[in-house]
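See below for the structure under consideration.
The values are calculated or read from the model by the stated rules, or taken from the named source; none is laboratory data. In this text the structure is predicted, and so the values were computed from the model without any measurement. With ideal geometry, Cβ positions are generated from the backbone for all residues, glycine too; neighbour counts draw on all protein chains shown.
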Amino acid sequence: MPTQQKIDLVAELGDKMQRSQLAVVADYRGFTVSDLFVLRGKLRESGAEMVVAKNTLLRLAARNVGKEILEVTLEGPTAIIFAYDDVAKTAKVLVEASQVKANPLKLKGGVLGTSPITAEGLDAVTKLPTREQALAQVLGAVSAPVSGVVGVLNSALTNVALVIQARIDQLQPGEEQPAT
């Protein structure tokens, strides 16, 4: 008989799975408490969080939200990382943690959106632009035509002003030049 606490935890895990853009399952064996503390801080900076939970509860949560893909990775001690905002930045933190010499984080796989992703596929995600870079690219693409239009209008107004000034100069009686 499940306890109310476990039912609530499964519901919370399911909610996190649904809200996340990327969910990665990792084996954290060999990590010290201080290593986990540092990793969690880096993940928090990238808009992600790491949760350590029992595999049976994670399986139930995954089934409840339609992310059964995660079930094959749920073996042994499991931590699941949920990326809510910046998928590329989170992937970079995880790949870096998996490449350290002493006690690397062992990435098992996960789900990106609704598609399964392997640990090797996570490396490809690191090559995506970060959220800030993507926003800057979109802003640049939107502002380039606008600044072109502004430049054309500005030059047209300058030309009109120059023509009017030339006409004014023509209509004004000129100062007579002294004869030499």
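Would you mind stating whether Ala48 is touching a Leu at 6+ places or on another chain (Cβ under 6 Å) and closer than 16 Å to Leu122 by Cβ? Let's see the steps before the verdict.
Values: touching a Leu at 6+ places or on another chain (Cβ under 6 Å): no; closer than 16 Å to Leu122 by Cβ: yes.
It is false that Ala48 is touching a Leu at 6+ places or on another chain (Cβ under 6 Å) and closer than 16 Å to Leu122 by Cβ.
Spot the failing condition for Thr90; the list is (1) touching a Leu at 6+ places or on another chain (Cβ under 8 Å); (2) over 19 Å from Leu36 (Cβ atoms); (3) β-branched (Val, Ile, Thr), and only one is missed.
Exception for Thr90: condition (2).
Do you know which of the residues in segment 43-77 that are β-branched (Val, Ile, Thr) and within 24 Å of the chain's Cα centre (by Cα) is modelled with the lowest pLDDT?
To start, the set of residues in segment 43-77 that are β-branched (Val, Ile, Thr) comprises 51-52, 56, 65, 69, 72-73.
Next, from what is left, pick out any that are within 24 Å of the chain's Cα centre (by Cα): 51-52, 65, 69, 73.
Details: Val51: 92, Val52: 91, Val65: 89, Ile69: 83, Thr73: 86.
Going through the qualifying residues, I end up with Ile69.
Look through segment 78-125, keep the residues that are assigned to a loop (DSSP other than H, G, I, E, B) and surrounded by 18 or more Cβ atoms within 10 Å (Cβ to Cβ), and return whichever of them is farthest from the chain's Cα centre (by Cα).
First pass over segment 78-125, keeping only residues assigned to a loop (DSSP other than H, G, I, E, B): 78, 84-86, 99-105, 113-114, 118.
Then keep just the ones that are surrounded by 18 or more Cβ atoms within 10 Å (Cβ to Cβ); that gives 78, 86, 105.
Numbers: Thr78: 24, Asp86: 2, Leu105: 21 Å.
Once the filter is applied, the top-ranked residue is Thr78.
In this structure, does Gly41 turn out to be in a loop (DSSP other than H, G, I, E, B) and surrounded by fewer than 14 Cβ atoms within 10 Å (Cβ to Cβ)?
Values: in a loop (DSSP other than H, G, I, E, B): no; surrounded by fewer than 14 Cβ atoms within 10 Å (Cβ to Cβ): yes.
Against the criterion (in a loop (DSSP other than H, G, I, E, B) and surrounded by fewer than 14 Cβ atoms within 10 Å (Cβ to Cβ)), Gly41 does not qualify.
State yes or no: is Val93 free of Cβ contacts under 8 Å to residues at least 60 places away in the same chain and either on the phi < 0 side of the Ramachandran plot or out of contact with any strand residue (DSSP E or B) (no Cβ under 9 Å at 6 or more places or on another chain) (or both)?
On the way: free of Cβ contacts under 8 Å to residues at least 60 places away in the same chain: yes; either on the phi < 0 side of the Ramachandran plot or out of contact with any strand residue (DSSP E or B) (no Cβ under 9 Å at 6 or more places or on another chain) (or both): yes.
Yes.
With respect to Gln21, determine if the residue is of a type in the set (S, T, N, Q) and exposed (fewer than 14 other Cβ atoms within 10 Å of the Cβ). If you could, list the steps in order and put the result at the bottom.
Working: of a type in the set (S, T, N, Q): yes; exposed (fewer than 14 other Cβ atoms within 10 Å of the Cβ): no.
Criteria not met by Gln21.
Take segment 43-67 and flag every residue that is among the charged types (D, E, K, R) and within 29 Å of Glu132 (Cα to Cα). Before you say what the answer is, go through the steps one by one.
Kept after step one, since they are among the charged types (D, E, K, R), are these residues of segment 43-67: 44-45, 49, 54, 59, 63, 67.
Listed by number, the residues that qualify are Arg44, Glu45, Glu49, Lys67.
When you check Leu135 against the structure, is it modelled with pLDDT under 80, touching a helix residue (DSSP H, G or I) at 6+ places or on another chain (Cβ under 7 Å) and part of a helix (DSSP H, G or I), yes or no?
Values: modelled with pLDDT under 80: yes; touching a helix residue (DSSP H, G or I) at 6+ places or on another chain (Cβ under 7 Å): no; part of a helix (DSSP H, G or I): yes.
So Leu135 does not fit the description; no.
Could you please let me know if Glu132 is over 18 Å from Val24 (Cβ atoms), loosely packed, with under 13 Cβ neighbours inside 10 Å and among the acidic types (Asp, Glu)?
Numbers: over 18 Å from Val24 (Cβ atoms): yes; loosely packed, with under 13 Cβ neighbours inside 10 Å: yes; among the acidic types (Asp, Glu): yes.
The answer is yes for Glu132.
Only residues that are of a type in the set (Asp, Glu) and either over 25 Å from Ala61 (Cα atoms) or in contact with a His (Cβ under 7 Å, 6 or more places away or on another chain) (or both): list them for segment 79-100, please. Let's see the steps before the verdict.
Our first condition is that a residue be of a type in the set (Asp, Glu); within segment 79-100, this holds for 85-86, 96.
Correct list: Glu96 only.
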